[in-house]
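Below: one structure, written as C-alpha cells.
Values in this text are rule-based calculations from the coordinates and carry no lab data. None of the values given here were measured: they were computed from a predicted structure. Note that we place each Cβ from the backbone using ideal geometry, even for glycine, and neighbour counts take in every protein chain shown.
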There are 2 protein chains.
Amino acid sequence: MTQDGTLTAQTHTGVRGPQDCEVRDVLDRIGDKWSVLIMARLGGGPLRYSELRRVVDGISQRMLTVTLRGLERDGLITRTVIPTTPPRVDYALTEVGETLAGEVASLIRWAEANRPYVAASRAAFDATTP
Amino acid sequence: MTQDGTLTAQTHTGVRGPQDCEVRDVLDRIGDKWSVLIMARLGGGPLRYSELRRVVDGISQRMLTVTLRGLERDGLITRTVIPTTPPRVDYALTEVGETLAGEVASLIRWAEANRPYVAASRAAFDATTP
DNA sequence: CTGAATCCCACCCGATACTG
DNA sequence: CAGTATCGGGTGGGATTCAG
C-alpha cells in the first residue's frame, strides 16, 4: 500500500484501526466549537458564568450552560457555587483540563498564525472553481 | 499558558478578544470530526480516495468527498489526478497541512491518553446526577 | 445572577442511486 | 475507481420564557 515509513517516528497516533470510534467521543468535545473557546478562556484562570458569557462572544445562554455541563461531566472543568446574593458560580479547569487547554491554546495559535494562508487558499480555490 | 489571576483582564494573554469569530472559521475545520480523522491519516503519507474510504472507518462516500474538498479549498491538502484506467486520485498534506496534522496528532494522543479518565468522570457524574 | 425548559428550524450527514 | 445528485431524518443550537 503506501509508505508507512513516515509514521513510524512520532505520528504513530496518526494511524488507528476501527477503534477510531473510541477516541471519537473524546474528540467530539473538541469538535464542539463552543467547548474549545471556553477551554481557551478558562486557560487564563477561573471565570464566572456571566464573565464567560461576555467573553465568549456570540454564545447563547443555553449553549453556554449546556457546554459547561458537558465539560464538567468530562472532568475537564469544575463548577463551584458561592452562595452569596446574588449567587455566584466559578468555573475553572481541572488538572486534566489544563492539559487539554494547552492543546487547545496551541491549536488556536495555529489558527491565528495560518488564518491569512487559509483565507488566501479559499479565495484562490473559489476563483478557479465557478 | 499564563495565569494572570485578575479576571477583569480584558487584555488576555494567549487568547483572543471579541474577534473569536475570525479564528472560528479556521477552527471549524478542526471542529469537523471527519476532517480531523482524515488529516490524521494523511499524516502517515499520501493516500488515494479508496484507501481513505477504507481507512477512515465509517465515513460515507459523500462526506469523504465533501470533506476532502473543504480541506483542499483551505490549502491543507492537495488533490492530484493520475489519468490511468481506472483513474486514480492521490491526496496528500500540503506543507501547511503537515503542521496542522502535527497539532491534530497531538490532540489524538491526548484523547487516547485521557480516554479512561474522561470515561470515569462521565460515569461518576452520571451516577450522582439523576 | 445563574440557570432550566420549551419551541422550532436550518443544516448536517447518512443512505441510495446514477455517471465518466 | 472516483466521484455527483437527490432525498429525508436527526439534531445542533438560537430565541424566548420562567424559576431559584
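Ignore the peptide's own chain and count Cβ atoms of other chains within 10 Å of each Cβ in A:30-37; give me the average, rounded.
On the way: counts 10, 8, 1, 6, 1, 1, 6, 6.
The shielding value for this peptide is 5.
Need one value for B:75-86: mean number of C-beta atoms belonging to other chains within 10 Å of its residues' C-beta atoms. List each step's numbers first, then the result.
Numbers: counts 9, 4, 0, 0, 0, 0, 0, 0, 0, 0, 0, 0.
Per residue, the number of nearby Cβ atoms from other chains is 1 on average.
When Lys and Arg each count +1 and Asp and Glu each count -1, what net charge do the other residues less than 11 Å away from A:Tyr49, Cβ to Cβ, add up to? Each step should come with its number before you reach the end.
Working: positive: A:Arg48, A:Arg53, A:Arg54, A:Arg79, A:Arg88; negative: A:Glu51, A:Asp90.
The answer is +3.
Using the scaling law 2.2 N^0.38 Å as the reference, what is the normalised Cα Rg of the range A:21-130? Intermediate values should be presented prior to the final figure.
Values: Rg = 16.8 Å, N = 110, 2.2 N^0.38 = 13.1 Å.
Taking N as the residue count of the range A:21-130, the ratio is 1.28.
List the distances, in nm to one decimal, from the label point of A:Arg88 to the label points of the same position in every other copy, shortest first, placing each label point 7 Å from Cα along the Cα-to-Cβ direction.
Listed shortest first, these distances are 6.6 nm.
If I model a spin label as a point 7 Å beyond the Cα along the Cα-Cβ vector, how far apart are those points for B:Thr99 and B:Phe125 in nm?
With each label placed 7 Å out from Cα toward Cβ, I get 3.3 nm.
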